[in-house]
1. So which trypsin sites (Lys or Arg not before Pro) in the range 40-86 pass both tests, a DSSP loop state and at most 15 other Cβ atoms within 10 Å of the Cβ?
2. Order the peptides 214-222, 72-80 from the highest to the lowest mean number of other Cβ atoms within 10 Å of their residues.
3. Quick check: residue separation of ASN170 and LYS120 times 0.36 nm, minus the Cα distance between them. What number comes out in nm?
4. May I ask you to list the aspartates and glutamates whose Cα is less than 13 Å away from that of LYS212, ignoring any residue fewer than eight positions away on the same chain?
5. Contact order normalised by length for the chain, with contacts defined as Cα pairs under 8 Å and 6 or more residues apart; what percent is it?
6. Report the Cα centroid-to-centroid distance between the range 1-54 and the range 65-99 in angstrom, as an integer.
7. For the range 92-98, what does the Karplus curve 6.51 cos²θ - 1.76 cosθ + 1.60, with θ = phi - 60°, yield as ³J(HN,Hα) per residue in whole Hz, taken in order and with x for Gly and Pro?
8. Using only Cα atoms, find the angle between the long axis of helix 175-190 and the longest principal axis of the chain, and express it within 0 to 90 degrees, rounded to the nearest 10.
Amino acid sequence: MDISAENVKKLINKDIDIIVFDEVTSTNDVAKILAEKDASEGTVVIAKKQTSGRGRKGHTFFSPKDTGLYMSIILRPAIAPEDSLLITTSAAVSVAEATEKVSGVSTFIKWVNDVYADGKKIAGILSEAMLSEDMTKTEYVILGIGVNVNEPDGGFPDDIRNIAGALRKNKEDIRDVLAASIINTFFSYYEKLPEKTFFDEYRQRLFILGKKIDVIKPDSVTEAVALDIDSDFGLIVQYPDGRKETLTSGEVSAKPKE
Ligand code: BTN
């Protein structure tokens, strides 16, 4: 079964616009154009293929035809720019819960917002915000979600083969059910975002807590143990000399030690 706006719309419990394209550069780019033209909150852009799928930190996101879910949601949240992490973390929980529910495979979150199954990254999130001129208000946020649903023909490219994995090993197309499940779960959290109702679920799915990690900063890599997260999703780590630090996303990443 091919993904279609009609199928997804039937499965969601919110009255929002769903637009499905055969091919785009990036659904985040298309969503941004629509957001600038006053598209309503919640509008979802889905593509069957992306020719320039983007990830965080300037990475590309491999987006071959029909094997992944490539989706961007236009949000107009009433939150301060500094609270935008609530959107990506709630999205990570939603993707983890929905992928698990639809596939039956257990999923985990790699701090801050990558989703893993069977030790491989199966989904990533790229959220891009447009702020007001004085930088104090969020005009809109494009929440981009990419899920590797099925194994691409020929497998993943060499440079990501060891990291990327597919949610499903068979060819069954579950993209419409998965898209709807992510949308329904995400909006249930988004509607009361400041309450952080997804916090416990997020914390439980973090697979690095209590484990040795590498703390990667622009100019150093240091071994530490991931202890916990604080209420703002900062990662509390402890270094071998006993010193503790709370890491905020953006500046650092935490890689589980092999
Ligand atoms: C990452 O893993 O660093 C984030 C990947 C985000 C990929 C999704 S796919 C839909 C949307 N369009 C893009 O170009 N990127 C996001």
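1. Of the trypsin sites (Lys or Arg not before Pro), the ones in loops of the range 40-86 whose Cβ has at most 15 other Cβ atoms within 10 Å are LYS65.
2. Those peptides, ordered most packed to least, come out 72-80, 214-222.
3. 16.4 nm
4. LYS212 reaches GLU223, ASP228, GLU258.
5. Over the chain, the number comes to 17 percent.
6. Rounded to whole Å, the Cα centres lie 13 Å apart.
7. 4, 5, 4, 5, 4, 5, 5
8. Compared with the principal axis, the helix lies near 60 degrees.
Computed from the coordinates by the stated procedures, all read-outs in this text should not be read as laboratory data. Here the structure is a predicted model, which means the values were calculated and not measured. We place every Cβ from the backbone using ideal geometry, glycine too, and count neighbours over all the protein chains shown.
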